[in-house]
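A.B. asks: Input: one structure, supplied below.
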Amino acid sequence: MMLGACTNGLQEPKASYDDFEHIEHWDDLSRVEGEFTIIYYYSPFCDICINLEDEVSGYLKTLSDSVEIFLIDSGKIYEQGSPDFEYRETVPALIIFEDTEFQEWIIGSRNVTDYLQDQINQMD
């Protein structure tokens with residue numbers, strides 16, 4: 001006999017990468033219009049990206065009211081043009097834009113989660 005956990009009330013569904021607008025061609029970066037934009041660059045086949053999905057999606061969901069958010073699936077954008085800045089094929093990563101201009105790549109799981117957490121802390 002299996003006993004399930006009893007919960008009082010409804011749990012909010014977890015966010016996922018599919019909940020966010022994706023850029024599928026480098027030319028689509030022209031859609032970046034915000035004062036501050038975060039683009040999460042990931043691969044659905046990367047074990048680290050898979051393990052980070054709940055955490056990163058949660059951070060992005062929290063930030064989405066005040067920051068423009070896009071995602072890029074590295075496998076879908078591969079050979080789809082090229083960006084106007086130095087391109088790195090490392091996942092997971094963040095691509096940061098300010099006033100529609102590329103600012104920096106943030107590479108690696110720890111750097112990505114720390115950066116997103118810092119952005120949330122600055123909102124308080």
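The values are calculated or read from the model by the stated rules, or taken from the named source; none is laboratory data. The structure presented is a predicted model; accordingly, all values stated were derived computationally and were not measured. Neighbour counts run over all protein chains shown; Cβ positions are idealised from the backbone, glycine included.
A.B. asks: Can you name every residue in the stretch 40-71 that is aliphatic (A, V, I, L, M) and more than 16 Å from R110 (Cα to Cα)?
C.D. replies: Once the filter is applied, which keeps residues that are aliphatic (A, V, I, L, M) and more than 16 Å from R110 (Cα to Cα), the stretch 40-71 yields L63, V67, I69, L71.
A.B. asks: Then there is this: Considering each of A15, A5 in turn, give the residue that is in a loop (DSSP other than H, G, I, E, B), closer than 22 Å to L116 by Cβ and modelled with pLDDT under 90.
C.D. replies: After applying the criteria, what remains is A15.
A.B. asks: If I filter the stretch 75-100 down to residues being at pLDDT 95 or above and not in a loop (DSSP other than H, G, I, E, B), which single residue comes out as surrounded by the fewest Cβ atoms within 10 Å (Cβ to Cβ)?
C.D. replies: Checking each candidate, the answer is E98.
A.B. asks: In the stretch 110-124, which residue that is of a type in the set (D, E, K, R) and at pLDDT 95 or above is surrounded by the most Cβ atoms within 10 Å (Cβ to Cβ)?
C.D. replies: Ranking the qualifying residues of the stretch 110-124, first place goes to D114.
A.B. asks: List the pairs whose first member sits in the stretch 63-91 and is within 16 Å of D28 (Cα to Cα), whose second member is of a type in the set (S, T, N, Q), and whose Cβ atoms are under 8 Å apart, counting only residues at least 6 apart or on separate chains?
C.D. replies: Correct list of pairs: E68/T37; I69/T37; F70/T37; D73/S43; S74/S43; G75/S43.
A.B. asks: Check off (1) in contact with a helix residue (DSSP H, G or I) (Cβ under 8 Å, 6 or more places away or on another chain); (2) modelled with pLDDT of 95 or more; (3) of a type outside the set (K, R) for I107 and give me the number that stays unchecked.
C.D. replies: (1)
A.B. asks: On to the next question. Quick check on my filter: what residues within the stretch 51-74 are under 17 Å from V32 (Cα atoms) and surrounded by 13 or more Cβ atoms within 10 Å (Cβ to Cβ)?
C.D. replies: The answer is L60, L63, S64, S66, V67, E68, I69, F70, L71, I72, D73.
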